[in-house]
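What follows is a single structure, written as structure tokens, with notes after it.
The values are calculated or read from the model by the stated rules, or taken from the named source; none is laboratory data. The structure presented is a predicted model; accordingly, all values stated were derived computationally and were not measured. Methodologically, a virtual Cβ is constructed for each residue, glycine included, from the backbone with ideal geometry; neighbour enumeration extends over all protein chains shown.
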Amino acid sequence: MNTLARIAASARRAPILTALLLAACGGNPPKESAAVVGALRIALAPHEGTTAVDEQIREVQARVKERVDVPRLERLATLYIGKARGSGDPGYYRLAEASADAMPQDGGGQHAAMLVRGHVRHALHDFAAAETIARRLVAERGMFLDHGLLGDVLLDLGRLEEARDVYQRMLDLKPCLQSYARAAHVRWLVGDIAGSRELLHMAASAGSHRDPESMAWVLARRATLELQANDAETALTYADAALERVVDHPQALLARGRALLALGDATQAEASLGKAVACYPLPEYLWAHADALRAGGREGDAARVEADLLRTGEREDPRTFAAWLATTGQHPETALRLAEAEFRIRQDALTADVLAAARVRMGDYSGAATAMQQALAVGPADARVRLHAAMVDIARGESGVAGSHLAAADAARAALLPSERALLADLRRRL
């Protein structure tokens with residue numbers, strides 16, 4: 001049963017939960033009790049799963065039943081958001097929102113609930129609503145986490161300088177895992193791998209063993225960064241370290257699979273990527289899994305995974321799906337439609353890159369060059385962006401510039417999937 005189905009099923013237990021939750025409030029119904037009790041019923045729906053995060057969710061649910069207060073519901077909402085990101089199941093965002101809806105409005109509850117809703121809106125790519133919430137939080141409360149949300153939204157909207165200023169304010173307010181990790185991402189976006197590496201090390205050092213999910217995320221991000229630095233062995237070490245913190249952490253499994261592909265071990269790569277796809281069947285994972293299967297000679301299995309990708313990609317992650325279509329030269333009209341739709345809501349470098357690749361596949365070389373110019377304006381240290389830049393330049397007959405982009409992509413080839421390395425080889429032949 002998926003998360004939304006469990007939420008619906010929990011509604012049938014409303015009378016029992018209502019009595020339980022009112023008792024937890026000392027027998028006195030809170031203001032707007034019907035709405036609060038309804039939200040609590042959803043937030044406390046029986047939770048399944050065997051990971052450390054699942055255990056934490058059940059523990060916090062039990063604590064909420066003992067006493068309904070802002071810190072406990074805020075912690076529950078944070079766990080649900082982490083579960084949504086780690087599992088690819090958007091139903092957990094609804095549970096996070098329910099936790100916010102159940103928060104008492106005094107004792108900081110209003111702003112705590114706003115922050116949860118802002119993160120959910122951001123995760124669902126409702127950037128306008130997320131920005132409105134974030135700006136109100138910064139104006140009214142001004143905590144470091146409020147600045148983190150605002151910076152995240154601005155970054156996805158392509159407003160890098162504004163995001164960098166907001167993140168700096170976040171760091172000034174509280175140097176911690178969350179602020180260091182965001183600063184590291186900005187350094188990577190502007191091509192500073194060494195600076196990003198240093199900040200991710202600081203993020204890991206500032207982390208807590210009581211929050212293994214965040215530690216695993218930072219280590220998985222470091223693994224991905226090392227792939228961009230063309231060091232697959234070090235990337236594998238960090239991915240394994242992340243998996244020691246959280247078994248079957250999806251991002252760590254993806255990084256591990258990509259590192260193994262770069263090292264030529266398609267069999268072990270497929271095993272890791274198969275686990276990742278099982279819990280996080282999004283386009284980036286399916287793309288890597290299909291490539292690993294094909295690299296291991298399992299063409300039929302690869303085709304079946306790609307069929308899943310074609311069926312679900314547009315719904316699950318249209319930007320990455322469009323990148324896969326444009327990179328592999330499939331369904332160019334669909335790739336362009338999705339890339340243009342994504343660019344209308346966010347104008348960051350990575351979205352501009354996908355738009356450029358989609359446009360060149362449709363023969364719009366001038367439009368592709370314009371989009372790629374925007375993608376390269378901040379100098380992202382990303383092998384895929386450089387590969388697409390070379391594709392655009394070769395299509396336009398700019399062989400000299402294309403050669404430099406191909407060299408940059410080749411220098412970070414550990415970060416390229418086999419299908420991308422095939423494109424790299426094809427572009428070299430055409431140069």
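Numbers for the structure displayed
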read-out: Residue count, the stretch 308-337 (criterion: within 24 Å of L424 (Cα to Cα) and either more than 21 Å from the chain's Cα centre (by Cα) or among the aliphatic types (A, V, I, L, M) (or both)); value: 15
read-out: Some residue of the stretch 197-204 being farther than 19 Å from Q251 by Cβ and at pLDDT below 95; value: no
read-out: Residue in the stretch 240-252 that is buried (at least 24 other Cβ atoms within 10 Å of the Cβ), without any contact (Cβ under 8 Å) to a residue 60 or more places away in the chain and within 22 Å of R304 (Cα to Cα) present; value: no
read-out: So A183, is it over 21 Å from E342 (Cα atoms) and among the hydrophobic types (A, V, I, L, M, F, W, C); value: yes
read-out: Test: residue in the stretch 110-133 that is in a loop (DSSP other than H, G, I, E, B) and buried (at least 19 other Cβ atoms within 10 Å of the Cβ); value: no
read-out: Selection count, the stretch 333-367, where residues are buried (at least 20 other Cβ atoms within 10 Å of the Cβ) and either on the phi > 0 side of the Ramachandran plot or not hydrophobic (A, V, I, L, M, F, W, C) (or both); value: 6
read-out: Positions within the stretch 162-212 being closer than 18 Å to V378 by Cα and assigned to a loop (DSSP other than H, G, I, E, B), in sequence order; value: V190, G191, D192
read-out: Some residue of the stretch 138-151 being more than 30 Å from A35 (Cα to Cα) and within 20 Å of the chain's Cα centre (by Cα); value: yes
read-out: Residue list for the stretch 285-308, filter: surrounded by fewer than 23 Cβ atoms within 10 Å (Cβ to Cβ) and free of Cβ contacts under 8 Å to residues at least 60 places away in the same chain; value: G296, G297, R298, E299, G300, D301, A302, A303, R304, E306, A307, D308
read-out: Every pair of residues 6+ apart whose Cβ atoms lie under 8 Å, when the first sits in the stretch 214-225 and is in a helix (DSSP H, G or I) while the second is of a type in the set (K, R); value: M215/R245; A216/R245; L219/R245; R222/R197; A223/R256; T224/R258; L225/R197
read-out: Test for L157: is it under 28 Å from G379 (Cβ atoms) and in contact (Cβ under 8 Å) with a residue 40 or more places away in the chain; value: yes
read-out: Single residue of L282, L286, L309 found to be more than 19 Å from A383 (Cβ to Cβ) and at pLDDT below 95; value: L282
read-out: Selection status of E314, part of a helix (DSSP H, G or I), surrounded by fewer than 20 Cβ atoms within 10 Å (Cβ to Cβ), charged (D, E, K, R) and touching a Phe, Trp or Tyr at 6+ places or on another chain (Cβ under 8 Å); value: yes
read-out: Complete set of residues in the stretch 273-286 that are touching a Gly at 6+ places or on another chain (Cβ under 9 Å) and either farther than 22 Å from E48 by Cβ or part of a helix (DSSP H, G or I) (or both); value: L273, G274, K275, A276, C279, P283, Y285, L286
read-out: Failed item in (1) in contact with a Gly (Cβ under 7 Å, 6 or more places away or on another chain); (2) surrounded by fewer than 19 Cβ atoms within 10 Å (Cβ to Cβ), with M143 passing the rest; value: (1)
read-out: Residue count, the stretch 282-307 (criterion: more than 19 Å from A262 (Cα to Cα) and in contact with a helix residue (DSSP H, G or I) (Cβ under 6 Å, 6 or more places away or on another chain)); value: 5
read-out: One residue from A220, A235, A229 being touching an Asp or Glu at 6+ places or on another chain (Cβ under 6 Å) and either surrounded by fewer than 24 Cβ atoms within 10 Å (Cβ to Cβ) or hydrophobic (A, V, I, L, M, F, W, C) (or both); value: A235
read-out: Residue within the stretch 255-271 that is at positive phi and assigned to a loop (DSSP other than H, G, I, E, B) present; value: yes
